[in-house]
1. Does the stretch 228-359 come out rounded, prolate or oblate, given a ≥ b ≥ c as the square roots of the eigenvalues of its C-alpha gyration tensor, rounded meaning a/c under 1.5 and, failing that, prolate meaning a/b above b/c?
2. Can you pick out the pairs among LYS78/LYS347; LYS65/LYS141; LYS284/LYS347; LYS55/LYS337; LYS65/LYS327; LYS78/LYS168 whose Cα atoms lie more than 26 Å from each other?
3. Per DSSP H run of n ≥ 4, the term is -39500 (n - 2.57); total these for the chain, divide by its residue number, and report the mean residue ellipticity at 222 nm rounded to 500 deg cm²/dmol.
4. Which order do the peptides 118-125, 218-225, 19-26 take when ranked by the mean count of other beta-carbon atoms within 10 Å per residue, highest first?
5. Using amide H atoms built 1.01 Å from N in the peptide plane, name the residues 5+ places from TRP235, or on other chains, whose amide H lies under 5 Å from its own.
6. Give the calculated FRET efficiency between LEU350 and ARG76 to the nearest 0.05, with a Förster radius of 45 Å applied to their Cβ-Cβ distance.
7. To the nearest 10 degrees, how steep is helix 325-340 against the longest Cα principal axis of the chain, on a 0 to 90 scale?
8. Given the Cα-Cα distance of MET186 and SER206 and 0.36 nm per residue of separation, how much length would full extension add, in nm?
Amino acid sequence: MKNLQFNNLFKEKFQGSRVFITGHTGFKGSWLAYILHNLGAEVMGYALAPTKNQKNFDLLKLNSKIHHLDGNVNDREKLTKCLQSFEPEFVFHLAAQSLVLTSYEKPFETIFTNVMGSVNILEAVRECPSVRSLVYITSDKCYENVEWVWSYRENDLLGGHDPYSASKAAAEIVFSAYLRSYFIHMPFLGAASARAGNVIGGGDWSIDRIIPDCIRSIEAKKPVFLRNPNSTRPWQHVLEPLSGYLLLASRLHDEPKKLEGAWNFGPDSKEVLTVKEVAKTLIKHIGRGEIEMASSPVQVHEASLLQLNCEKANQFLGWYPRWRIDKTIEATAVWYKTILDGGSAEKITLSQIKEFFTD
């Protein structure tokens with residue numbers, strides 16, 4: 001995908017198509033819905049109503065650009081009815097309880113939504129003959145992470161220390177069962193799961209994430225409080241995995257049985273920085289803010305190292321990361337600075353999409 005242009009392959013594939021997205025009010029989901037709208041797709045989004053921590057849906061004025069339905073993926077009857085009545089060709093499943101710390105506070109809700117909500121979308125797709133391509137997004141945290149230095153491949157052991165990670169591993173196991181039990185007998189359906197993590201970029205307002213925590217502190221003119229400043233992560237811009245999802249979806253549509261299964265989409269192993277380094281660089285680009293360290297780190301378990309091996313996506317999809325970590329943080333800072341200074345979220349978002357796909 002090194003030379004992929006925003007308006008060639010993707011526009012040819014998605015223009016005029018019908019696309020169903022769960023979780024379109026979230027961070028990645030709102031970017032994906034906006035991209036698809038600009039590619040000329042007719043998009044239906046199914047998700048809970050956006051919360052105060054999901055401002056991007058409103059900032060991008062998605063309610064006037066796509067079909068928006070308030071709905072819970074745990075409501076199987078409503079989800080199935082909405083999917084069948086829309087008759088989409090493409091389905092992207094992103095709806096989830098996506099926060100590790102929240103999963104400690106709400107384990108039942110996290111596991112029920114991330115597992116049974118995913119079962120509901122699989123059942124809905126199974127009963128909807130119009131669907132030709134399903135991209136079922138989970139997380140890099142689905143792997144049994146022993147925090148070794150090697151990268152995890154798609155066939156490595158699944159597991160999870162915390163409720164969130166366990167729920168994503170379970171969601172992957174369920175997907176594999178549906179793929180081998182049902183989708184294998186549906187010759188015109190291509191289905192794949194996608195695993196990515198530590199995504200940053202403009203439009204994320206979630207709690208307990210480094211970038212939105214920094215922005216809220218800067219807005220409030222308070223120090224940025226870092227709970228685990230020395231934890232390392234392989235960071236990637238939100239457009240990186242989304243480009244992988246779109247490429248995977250388009251290829252599944254063309255070659256439904258050749259590319260089924262699990263896929264990793266992650267940054268190069270060199271793109272690893274500590275939380276403190278990311279916060280300091282973000283503040284430098286925005287031009288204001290200061291950092292304050294926690295007196296002691298958070299006591300609940302959070303993985304400090306997790307790297308994905310993306311050779312499968314490299315070889316079979318031609319997908320590679322496009323932006324280095326310095327560009328990723330700079331683009332993220334520019335997006336938020338634009339909003340903090342009263343600029344247009346739509347303009348800066350579209351500008352960054354075009355820049356990303358034409359670099």
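1. It comes out oblate by the Cα gyration axes.
2. Check vs 26 Å cut-off fails for LYS78/LYS347; LYS65/LYS141; LYS65/LYS327.
3. -12500 deg cm²/dmol
4. Descending mean neighbour count gives 19-26, 118-125, 218-225.
5. The list, which skips near neighbours in sequence, is LEU273.
6. In this case the efficiency is close to 0.80.
7. 80 degrees
8. 3.4 nm
Read-outs throughout are calculated quantities, based only on the coordinates presented, and are distinct from any laboratory measurement. Remember, it's a predicted structure, so these values are computed and weren't measured experimentally. We place every Cβ from the backbone using ideal geometry, glycine too, and count neighbours over all the protein chains shown.
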